[in-house]
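One structure is given below, encoded as structure tokens.
The values are calculated or read from the model by the stated rules, or taken from the named source; none is laboratory data. Source: prediction; values computed, not measured. Cβ: placed from backbone, ideal geometry, glycine included. Neighbour counts: every protein chain shown. These accessible areas exclude ligands, DNA and RNA; they are computed on the full protein's heavy atoms, side chains included. Shrake-Rupley method; radii C 1.70, N 1.55, O 1.52, S 1.80 Å.
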Amino acid sequence: MLDKVYYDDLETRSSDARHAAQLEAVNAQLARVAEAAGNCLPDIGKLKYLEDLAHLPVLRKSELAKWQAEKPPFGGIPVKNIAHIFQSPGPIYEPGGVGHDWWRMGRFLHAAGFGPGDIVQNCFGYHLTPAGMIFENGARAVGATVMPAGTGQTELQVTAARDIGTTAYAGTPDYLKIILDKAEEMGVKLQITKAAVGGGALFPSLRQEYADRGVTCMQSYATADLGNIAYESPALEGMIVDEGVVIEIVTPGTGDPVAPGEVGEVVVTSLNPDYPLIRFATGDMSAVLEGHSPCGRTNMRIKGWMGRADQTTKIKGMFVRPEQVAALVAKHEDITRARVIATRQGEQDAMTVQIESLNDNADAYAQSVADTLKLKGAVEIHAPGSLPKDGLVIEDQRSYD
């Protein structure tokens, strides 16, 4: 049982204290970036208010990838105190540190009830991408023990969870159900009572199923570039913005702040001095939720993930981007167009790839789909010219109600 309600005093400070501290941190970040850039950037000087961030340009993933290609590995951004380099689709390379709570995930895990005495089965991937290390770093920050399980080999996951007495799960929302179902099939009783999830939508029906099985499940909103951005608390009323970032909700494509409460793109300025990202566009949509959380944490809240500003879609915890669909078409002379459909089968994500081709052998494209989109999915063959001409190459048919 945790001996304190909050991770630290930052979570309950006044708005004025938070604004002053974050303004100082943002100005320090701007100074670091300006020093690294030399004369390549205009002299921005110090911001007088956090709201002045809106006058600075937005940094998009496509620009970051270009910067990194021109000046590897981090595009000239002043990076320090790192122990790992990770790769995400693009490719984009992210630094990672091993310092205390480097990605600020400990704040979320503490809110989710993780702490000393817990054994966390960390089912996020450790291969190339940083999710596994992000959650491990946070679990260590709250004093929990970690089993670096990764993904797959579900029967072995169940056996390990039983043998070591796993009490907590970290991973994508739907994989825990697979583990619990397999445990029932094997006649194994597990001790998992709490779960911290991310990398996909936690649907209300799935959260309720976990609750019915004795597992309290909460979710965070984090990215490989920024670490933790926002997280749920036991109040379960929106997501509380992390103390180590400044969030703006802007009109997609412009960077201009929307009116309070309106839906827009999430733009984040990181206060991590080891990796200063200024006005980094996530591509995710959300909106500010008025007021403070009933749990007593005083930072701004957002409504959670509300879709993508572009067609990029997360399926089974992995992003599928329009560029990948275009690459699939380009690999085969007989494919004229392709469309990815994201759906739900039970409580799990599913992907169908619709292909226009005169070749009616769907199996001929299965491996190419897996290699190009980094996910396996059903393949449907359609006659050339028959797919909808609505501009969509990725269609998300999942309901988030």
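Overview of results
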{"quantity": "Which numbered condition Ala259 misses (of (1) of a type in the set (A, V, I, L, M, F, W, C); (2) outside any strand (DSSP E or B); (3) at pLDDT 95 or above)", "calculated": "(3)"}
{"quantity": "Unique match (being of a type in the set (D, E, K, R), free of Cβ contacts under 8 Å to residues at least 12 places away in the same chain and open to solvent by 50 Å² or more (accessible area, probe 1.4 Å)) among Glu155, Glu184", "calculated": "Glu184"}
{"quantity": "Identity of the residue in region 123-146, in contact with a strand residue (DSSP E or B) (Cβ under 8 Å, 6 or more places away or on another chain) and in a loop (DSSP other than H, G, I, E, B), that ends up most open to solvent (accessible area, probe 1.4 Å)", "calculated": "Leu128"}
{"quantity": "Among (1) outside any helix (DSSP H, G or I); (2) without any contact (Cβ under 8 Å) to a residue 40 or more places away in the chain, the one test that Val120 misses", "calculated": "(2)"}
{"quantity": "Residue match in region 302-317 (condition: among the polar types (S, T, N, Q), touching a residue at least 40 places away in the same chain (Cβ under 8 Å), open to solvent by less than 30 Å² (accessible area, probe 1.4 Å) and within 27 Å of Val98 (Cβ to Cβ))", "calculated": "no"}
{"quantity": "Output for region 187-212, where each listed residue is assigned to a loop (DSSP other than H, G, I, E, B) and either in contact (Cβ under 8 Å) with a residue 60 or more places away in the chain or touching a helix residue (DSSP H, G or I) at 6+ places or on another chain (Cβ under 6 Å) (or both)", "calculated": "Val188, Leu190, Ile192, Gly198, Gly199, Gly200, Ala201, Phe203"}
{"quantity": "Selected residue (criterion: surrounded by the fewest Cβ atoms within 10 Å (Cβ to Cβ)) from residues of region 52-61 that are outside any strand (DSSP E or B) and touching a residue at least 12 places away in the same chain (Cβ under 8 Å)", "calculated": "Pro57"}
{"quantity": "Residue identified as surrounded by fewer than 19 Cβ atoms within 10 Å (Cβ to Cβ), among the small types (Gly, Ala, Ser) and touching a Leu at 6+ places or on another chain (Cβ under 7 Å) among Gly113, Gly75, Gly90", "calculated": "Gly75"}
{"quantity": "Selection from region 301-336 of residues that are part of a strand (DSSP E or B), at pLDDT 85 or above, within 15 Å of the chain's Cα centre (by Cα) and not polar (S, T, N, Q)", "calculated": "Ile302, Lys314, Ile315, Met318, Phe319, Val320"}
